[in-house]
Amino acid sequence: MSTLIVANWKMNPMTVSQAEKLFSTVDIGISAVKDVQVVLCPPFVYLDGITPNSVQLGAQDCSWKDKGSFTGEVSPVMLKGLGCSYVILGHSERKRELGETLQVINKKVLTALRVGLRPIVCVGESSQVSSGRRVLARQLRAILRDVPSTKVSNVIVAYEPEWAISSDPSSKAASPDLVRSSIESIRNVLKQEVGEKKASSVPVLYGGSTDSSNIRSYLEGGGANGALVGSAALKGSEFIKLVKKASLE
Ligand code: PGA
C-alpha cells in the first residue's frame, strides 16, 4: 500500500486567501512525488472552490446524519459533493474539548462509510502511564462497531497518543519503538475483528509532533503506513519537505 500523508489543518489558517495560498503551494510543491498519497483536510469553510491536482481532499469532522434538521452540522453527503474523499473522525481534541464520545464517533464512521467517504479514525492513550494496549483495543472496538466487513478496507486508523500532539504544551513525539508496538496492537485487534486479510488492507498512520526530520523514523522504525500531520502541515515548505522525505523515489 502506498504511503499516506494526511494534513490536519485544524482551525487554521485565519483567512481564505491564506488558505488558498497554502493549498496551492502544497498542491504544486508535491506534484512530482508519485509514491505518496497526500490528503489535505482544511476547515469546512475553505473546501468550496478548491480544485486539487496532486492532492486529495478531506474534512476534519462530519455529522452522524446524512440529512435533516441538525443545526450547525455538516452532512458527509455535502462533503462528498465538495470533492472530499476522506474525513477525520474522533480526533482527541474533539473528545477532550467537545465531549465527543466513542458511541457518537462510531455513528459518524458508519454514516461516512455508507455515503462513500473514507473515515480516518483516531485512537490513542491520553497519558504515558495509562495502559496503552487496553485503551487502544477498547477505543478501536467501540469506534468500528457494526462496520460491515465489506467496508473495513475503506477505514484508515490513526494512532495518536494525546501527549504527543503538539497542541499540548508538554508534548513530545512518541518513540518509533512505541509507535511500532502500538501499531502492532492495533493490527492485532483488527485481525481479531475482521480476519488477517482484511486487517492487512487497513492503513495505520501515526500522528503527534511529526515533521520532516522524524517522518522516516515512523515509517521505517515505527512501521506506520503514513502520518496524520498537524502543525507541520501549516507551513507549506515544511510540509512539502515532509512529503518528499516520506517518498522513496
Ligand atoms: P501535531 O498534530 O502534528 O501538531 O502534533 C497532529 C494531530 O493532532 O492530528
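No lab work stands behind these numbers, since they all come straight from the coordinates. Just so it is clear, the model here is predicted, and its values are computed rather than measured. Cβ: placed from backbone, ideal geometry, glycine included. Neighbour counts: every protein chain shown.
Data table
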quantity: Mean Cβ count within 10 Å, highest first, over the residues of peptides 47-55, 227-235; calculated: 227-235, 47-55
quantity: Relative contact order (%) - the chain, alpha-carbon pairs under 8 angstrom, separation at least six; calculated: 21 percent
quantity: Region 137-249: relative contact order as a whole-number percent, Cα under 8 Å and 6+ apart; calculated: 28 percent
quantity: Average projection area in nm² (convex hull over Cα atoms of region 85-180, one quarter of hull surface); calculated: 6.5 nm²
quantity: Cα-centre dipole for the chain with unit charges at Cβ (Lys and Arg positive, Asp and Glu negative), debye to 20; calculated: 580 debye
quantity: Projected label distance in nm at LEU102 and GLU220, using a 7 Å step from Cα toward the beta-carbon; calculated: 3.6 nm
quantity: Which listed pairs, of LYS80/LYS198; LYS172/LYS198; LYS67/LYS191, have C-alpha distances above 31 Å, in listed order; calculated: LYS172/LYS198; LYS67/LYS191
quantity: Cα-based reach from LYS244 at 17 Å (exclusive), listing aspartates and glutamates while leaving out same-chain residues under 8 positions away; calculated: ASP27, ASP35, ASP211, GLU220
quantity: Zero-based 10 Å bins, Cα pair distances in region 18-101, whole percents; calculated: 16, 43, 30, 10, 1
quantity: Rounded to whole Å, sorted largest first: equivalent-ellipsoid semi-axes of region 149-204, Cα gyration tensor; calculated: 26, 12, 7
quantity: Isotropic mean projected area of the C-alpha convex hull, region 127-229 (nm²); calculated: 6.4 nm²
quantity: Calculated SAXS-style log₁₀ I(q)/I(0) at q = 0.24, 0.25 Å⁻¹ - region 39-87, Debye, Cα scatterers; calculated: -0.84, -0.90
quantity: Ranked packing of 1-13, 58-70, most packed first, by mean Cβ within 10 Å; calculated: 1-13, 58-70
quantity: Mean residue ellipticity (222 nm) of the chain, computed from DSSP H runs ≥ 4 via -39,500 (n - 2.57), nearest 500; calculated: -11000 deg cm²/dmol
quantity: log₁₀ of I(q)/I(0) at q = 0.19, 0.25, 0.27 Å⁻¹ - region 172-249, Debye sum with one point per alpha carbon; calculated: -0.78, -1.10, -1.20
quantity: Estimated dipole of region 44-115 in Debye, rounded to 20 [Cβ of Lys and Arg +1, of Asp and Glu -1, Cα centre]; calculated: 260 debye
quantity: Kirkwood hydrodynamic radius of the chain, Cα pairs, Å; calculated: 18.0 Å
quantity: Cβ-Cβ FRET estimate between ALA142 and SER31, R0 fixed at 35 Å, reported to 0.05; calculated: 0.35
